[in-house]
1. Run lengths n ≥ 4 of DSSP H only: what is the helix-derived mean residue ellipticity at 222 nm for the chain, with -39500 (n - 2.57) per run over all residues, to the nearest 500?
2. How large, in percent, is the carbon and sulfur part of the accessible surface of the range 68-169 at a probe radius of 1.4 Å?
3. Which of these values of Rg and Dmax of the Cα atoms in Å was calculated from the structure shown: (i) 17.4, 69; (ii) 16.4, 49; (iii) 17.3, 56?
4. Enter the accessible area per residue of the range 1-99 (Å², integer; probe 1.4 Å; all protein chains in place).
5. Points 7 angstrom from Cα along the Cβ direction at Glu27 and Lys84: gap in nanometres?
6. Pull up all non-local amide H partners of Ile116: gap of 5 or more, or a different chain, and H-to-H distance under 5 Å with H placed in the peptide plane.
7. Hey, can you list the DSSP H helices of the chain whose Cα span along the axis is 24 Å or longer and whose average Kyte-Doolittle score is at least -1.0?
8. How about the range 2-76: which chymotrypsin sites (Phe, Trp or Tyr not before Pro) there lie in a loop by DSSP and see at most 14 other Cβ atoms within 10 Å?
Amino acid sequence: KKYEANEKAMRIIADHITAAAFILGDERNIRPSNIGQGYVLRRLIRRTVRYGRLLGIYKNFTVHVAKVILPIYQDYQELQRNHKFIFENLEEEEKKFRETLEKGLKKFNEICRDKIITGKEAFLLFQSYGFPIEMTEELAEEKGVKVDLEEYNNEFKRHQDLSRTASAG
């Protein structure tokens with residue numbers, strides 16, 4: 001791919017994989033998850049995968065990018081020490097997200113036929129297809145569609161309340 005025509009996607013991929021490698025390389029063994037630092041990490045990796053797809057990359061590639069990036073930061077010994085952990089988690093998260101990405105994009109395209117994505121629909125994309133709200137917003141903006149964030153936030157809060165109630169027994 002030519003850099004000039006794909007600068008935004010390529011910068012996002014490089015920057016996000018660099019950030020993900022530093023988070024994964026940390027001695028605390030942070031993994032992609034649904035909470036805290038793990039959630040930020042998951043969002044970085046998933047946004048990378050989405051932009052790779054926009055470039056026509058349909059196979060796992062994040063580890064290959066990380067293998068090019070890590071030597072640039074040789075002064076950061078934790079990256080070198082934890083490179084296996086970094087590569088394993090990038091590969092695993094990318095694989096998991098790719099499994100739902102195609103279905104999620106298909107569902108997104110069905111949903112966004114109107115000029116607004118309801119909060120319930122946005123929450124469905126999050127819960128069922130692993131689309132962080134930021135990704136749904138980004139996709140919607142590209143199509144000139146609005147997302148009802150207030151309703152999404154209400155749905156998210158309702159889901160959290162139900163989860164807390166279930167956890168409490």
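The values are calculated or read from the model by the stated rules, or taken from the named source; none is laboratory data. Everything quoted here is computed from the prediction, not taken from an experiment. Virtual Cβ from ideal backbone geometry, glycine too; neighbours counted across all protein chains shown. The area values use the complete protein model at the heavy-atom level, side chains included, leaving out ligands, DNA and RNA. Shrake-Rupley method; radii C 1.70, N 1.55, O 1.52, S 1.80 Å.
1. Calculated from helices alone, the mean residue ellipticity at 222 nm is -23500 deg cm²/dmol.
2. On the way: 3190 of 6450 Å².
Carbon plus sulfur share of accessible area: 50 percent.
3. (iii)
4. Spelled out: the 1.4 Å probe surface of the range 1-99, per residue, equals 58 Å².
5. In this crude label model, Glu27 to Lys84 measures out at 2.0 nm.
6. Result for Ile116 returns Lys146.
7. Membrane-span-like by this rule: 7-25, 36-54.
8. For chymotrypsin sites (Phe, Trp or Tyr not before Pro) across the range 2-76 that sit outside H, G, I, E and B with at most 14 neighbouring Cβ atoms in 10 Å, the list reads Tyr3, Tyr58, Tyr76.
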